[in-house]
Amino acid sequence: MEDQTYNGMDVDDLFGDSEQVALPSMAIATAPPLKGLAKRLDELASSGCCSRIAWSKNGCIAYVTPDGFGVNLCVFARENETGKWDLGTDVQLDLPQHHDEFRLTHLSWSHLGNDLAVVNEAGHVMIFSCAMVLDRMNFMRTELSQSDSEGDGVVGMHWLAIYPYEQKNHIAWSASKRNQKWNFNITSHVFNDMHHAIDQKACLLYLKRKGDLQLRFQQPDSSWSEVSASLRTDLSTKEAFTHAAFASNNDNKLLMIAYDGSRRLHLYRIEAVWNIPQAPGQPPPKVYEKPDLQAVEIATDDNCHPTMIDSNGLPDDAGSKIPVSAQLTHLDFMPSTPEEGDRSVPTVQAIFVTPPNTIMTNQAHSQQSPSSIIAKWEVHQGEQNLFHSSLDKVTSKKKSAGSLPARTIWQLRRQADTVTNMNQVVTSFIPLWYNMMLAFCYSDGSIEFKKRKTLENITPDFNTEVVTSMPQAGFTFPPIDSPIHVALSPNHCIAASMHQDGKIKLHPMQYNYGSLAIENKDQTQSASASAALAALILQHTTAANQYFCSDDIFSVMGELSTDRKRDFILLMFQSLSVKIDCGVVDDGTNQNHLILLGRSPFFVKTLSALHLLGLQGNIERTLQSKTAWMILNIKYVTQILTTIARMHGDINKAAVRPEVVPQFIGICRWIMHFMVHLIDELFQLGRAFQKYTSASLTPLLIQQKIEELNKPALLILLSGFPRMMMKLWANPIQWVQRTAYGYVQNNNSSPEMRKLYVPLHQALTEAPLDWRHFEALISEAGHLVRQCYKQSNCSAEERDAIERDLLFGRIPPQLFPAARRLVTDTLFAEPTQQGQPSCLADKVDVAKITFFDTTWLGLTASHRAQTWFDSHVVDVCQKTIIRGTGVYAHSNFVGTIKNVRSRSDSIQSAMGEDGARKKQLRRCVRCGAHMEDVMNGLPGYAHTHLDVSTGEEKEFASLRHRKGVAMGLGNGNVSKVQKAILVQ
């Protein structure tokens, strides 16, 4: 039959179907599978600790190398030549020996970004701490409570709060515009989170697969100790934990949710009972005793898989819930929010992913592609009587059941599930802004921000009157090309994605309503741009109050127009409540100048931003930028000078101690050269007005000439804070000069002592200016300004606005009489009838001042200055030349002079004979200034330098110190970490 044929018969006609029929296509448009997604989902399902890339709040990215056996660090920094922000050179983390047997699986930064936890697949946890700079981290020794057992991986990790920095926060909620002026809604909130018993010390808590809960805590010497508690014993494979997450209960205790292989959720309450004596007036203990770590299971849920509704044949979509085949990829625990009236409770969020072939019972909603399902449980706490009320009917009872103490019960209440779109799998989840905003990164490369309460997307809403966040104001992420491993920047406006070859690519947010660099006359776009600036300031304020760096905000913001730069800085002053008025009467009643001199991180942040917005290259700055840079330097050297002076007690009776002489040389030389530079600028400005009569000068004319010459000397003299700082120089300079002269001219001084003090004496005498003439100029300027303020009867608010105007290069009408006199009669005037000099030109040698070279200060922009800085490096903290012609050598004095150290020998002396490290410097990630890579105890640097120059935008803000780089910016005195990177 196989070979039979039917002559003249078409088989297709047997059933009358000879015509071809085109069947409808059943293909569903799906995106091509993302390379590496399946492997990543398996990793996420196997452990709750598998983040291979992490971005610290300091601005440093850590990521696991492709082979899994190394960690690289790269710092987000600004390139001086182009002004562009990008990641720096990779620096390999030095792992300890015998830790290269297992692949690395997880990275986690501490809240302040000073410490990094590195976890391998065997469950070993290594902690590294920043060693003065961001891209150099040292392995910290840990005293383990028990030996780590291999194969017992870490499934959940949590850094405890660091007090006092995370105890009280000022929360920037929103900005609203009224009468064309933005007003910021900022309130304070006190958190009661679990923390180390000692301030400024860190703790790390983590859970292992077999139920061991371990707490690591810092000792006084910054080493780490560990204590553990066992949650369970003799766990089967299915009962082993796979994921865990932690949340504060706001009562100095912690809640932990854990997920096991049997798809059960376990809720624990964790407490650490410390036994550290803190008697007042007594020194702290050298070793902290281990706390008692307690963990109690308080609730469980045996049915924690996602469910879907079977509505086949039932009216109105009613039906029963059926379980869905899915695996857990993310487990998070969010505490209650600080929003008043929010009534939020601790909430568990579990994200599941469905396999590609999962099909619901309802075929109309068949799902052919993988997607994520978000399940939530609210944690509720209540009280329950131990006995039923019916027992009150028993006549023999003396007490009612209701009078007996009730017990506390905990419940996990399941909320409705949420399903993502087809082909949209959650690859990363990050809670933001006090856990009130949620960021989801999907496999299709999109990044969404959602409100925690409703999971409603936060998208641009064109609202130009009320601003709550950058996404709402028009900033969105473009699709990223490799969403497998993603980390967000400190202010979640840049996404870093890691490709399979280990390369990191940055994806910044984009502003959707035009360019902020161009002024637009269209009223709608202008209002949108104003709202965008308010959103940027709102996020910057949040970062400032949480000790986060704000470099990513400046990167995303990009270039601003001149007017918008001014608006941005004014909004910073407003949102951070920075007041720079230093009063009118010099009677000590107004101490604001001392407050600004001391702990004033917000003031420094504002000056840092003003400096950055006008910085062009290494030394070229706009007038406003140069003004801010001068004030930052004046503030810094004043703090060093006055701090060391106070250390000596009564300086009229005490001489400068030999051990602090090296610290004074660069500072004193900078002060004397700056005096010459300021007076030279003032003379240049005065000569420009000699062709005008005093009556023909106007505020606008002076202002235009200052802008044209780019010389802010007059603005510095009129500004209250820098003028009062320079006034504080007189007594310490006289004291240092007297001491140095005494040792140099005293024939009884030993050769060693004379050799030590000669450079200090030279630093004070080489400038062609008597510092007393500068002091007289400062005093006259102060008298003129106070007189102007009194005559105009300005209020404190008005004076504050005038001081801000001076920062922007404007001459306020109220101060015009003082400005006019300072550039005319103060500089040039006829001698008195007695023949006594009556002006500055008659008291100083103008020619010597004009031709005196102050290029090294970095305050002059010229071809010659650029050539000089191409071959020289100035240490911005010590104020000395450390590379090129003119390098100083300091004597290392400890009791007697032992040796002379070159300024570039700090690394060699600190870290051994290592030629490569010897050449390293620290470079500020924001302004690019340099300093030596020094350690404590080296000549030229003392605790004063390191303490003062290490605070987040604390002392040298423009240098971005987080104890940062050159004085780099940091977060108050949170750590000895400078916002700097190492360079050759």
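Mind telling me which of the residues ALA202, ALA279, ALA245 ends up being small (Gly, Ala, Ser) and within 18 Å of THR142 (Cβ to Cβ)?
Details: ALA279 fails: within 18 Å of THR142 (Cβ to Cβ); ALA245 fails: within 18 Å of THR142 (Cβ to Cβ).
After ruling out the rest, the residue left standing is ALA202.
Sort through VAL676, VAL637 and tell me the only one that's within 32 Å of the chain's Cα centre (by Cα) and touching a residue at least 12 places away in the same chain (Cβ under 8 Å).
Being within 32 Å of the chain's Cα centre (by Cα) and touching a residue at least 12 places away in the same chain (Cβ under 8 Å) holds for just one of VAL676, VAL637, which is VAL637.
Looking only at region 803-851, count every residue that is touching a residue at least 24 places away in the same chain (Cβ under 8 Å), under 47 Å from the mean Cα position of the chain (by Cα) and open to solvent by 50 Å² or more (accessible area, probe 1.4 Å) and tell me the total.
Within region 803-851, the subset touching a residue at least 24 places away in the same chain (Cβ under 8 Å) is 803-804, 806-828, 840-841, 843-846, 848-850.
With under 47 Å from the mean Cα position of the chain (by Cα) added as a condition, the list becomes 803-804, 806-824, 826-827, 840, 844, 846, 848-850.
If we keep only those that are open to solvent by 50 Å² or more (accessible area, probe 1.4 Å) as well, we get 804, 810, 813-814, 817, 820-821, 848, 850.
Residues meeting the conditions: 9.
Quick check on my filter: what residues within region 290-322 are more than 30 Å from SER223 (Cβ to Cβ), at pLDDT 50 or above and not in a strand (DSSP E or B)?
ASP302, ASN303, CYS304, HIS305, PRO306, ASN312, GLY319
How many residues does region 51-95 hold that are of a type outside the set (Ser, Thr, Tyr), open to solvent by less than 10 Å² (accessible area, probe 1.4 Å) and not in a strand (DSSP E or B)?
Number satisfying all stated conditions: 5.
Just checking, how many residues over region 206-230 are of a type outside the set (S, T, N, Q) and open to solvent by 30 Å² or more (accessible area, probe 1.4 Å)?
The total comes to 5.
Taking region 616-665 on its own, how many of its residues are assigned to a loop (DSSP other than H, G, I, E, B) and over 23 Å from ASN746 (Cβ atoms)?
4
Any residue at all in region 709-716 that's small (Gly, Ala, Ser), crowded, with 21+ Cβ neighbours inside 10 Å and in contact with a helix residue (DSSP H, G or I) (Cβ under 6 Å, 6 or more places away or on another chain)?
Yes, because at least one residue in region 709-716 is small (Gly, Ala, Ser), crowded, with 21+ Cβ neighbours inside 10 Å and in contact with a helix residue (DSSP H, G or I) (Cβ under 6 Å, 6 or more places away or on another chain).
Here are some residues: ILE480, ILE458, ILE504. Which one is under 24 Å from ASP551 (Cα atoms), at pLDDT below 95 and in contact with a strand residue (DSSP E or B) (Cβ under 9 Å, 6 or more places away or on another chain)?
On inspection, the qualifying residue turns out to be ILE480.
Looking only at region 811-856, how many residues end up being under 30 Å from THR885 (Cβ atoms), in a helix (DSSP H, G or I) and of a type outside the set (Lys, Arg)?
7
If you go through region 437-451 one residue at a time, do you hit one that is of a type in the set (A, V, I, L, M) and either over 24 Å from the mean Cα position of the chain (by Cα) or in a loop (DSSP other than H, G, I, E, B) (or both)? Spell out the reasoning first.
Taking region 437-451 first, the residues of a type in the set (A, V, I, L, M) are 437-439, 447.
This time we only want the ones that are either over 24 Å from the mean Cα position of the chain (by Cα) or in a loop (DSSP other than H, G, I, E, B) (or both), so: none.
No; the residues of region 437-451 include none that is of a type in the set (A, V, I, L, M) and either over 24 Å from the mean Cα position of the chain (by Cα) or in a loop (DSSP other than H, G, I, E, B) (or both).
Looking at region 561-600 only, could you name the residues that are open to solvent by 40 Å² or more (accessible area, probe 1.4 Å), in contact (Cβ under 8 Å) with a residue 12 or more places away in the chain and either assigned to a helix (DSSP H, G or I) or not charged (D, E, K, R) (or both)?
Across region 561-600, the qualifying residues are ASP563, LYS565, ARG566, ASP567, LEU570, GLN574, SER577, VAL585.
The values are calculated or read from the model by the stated rules, or taken from the named source; none is laboratory data. In this text, all values refer to a predicted model and were calculated from it rather than measured experimentally. Virtual Cβ from ideal backbone geometry, glycine too; neighbours counted across all protein chains shown. Just so you know, the surface numbers come from the protein's heavy atoms only, side chains and all, with ligands and any DNA or RNA stripped out. Shrake-Rupley method; radii C 1.70, N 1.55, O 1.52, S 1.80 Å.
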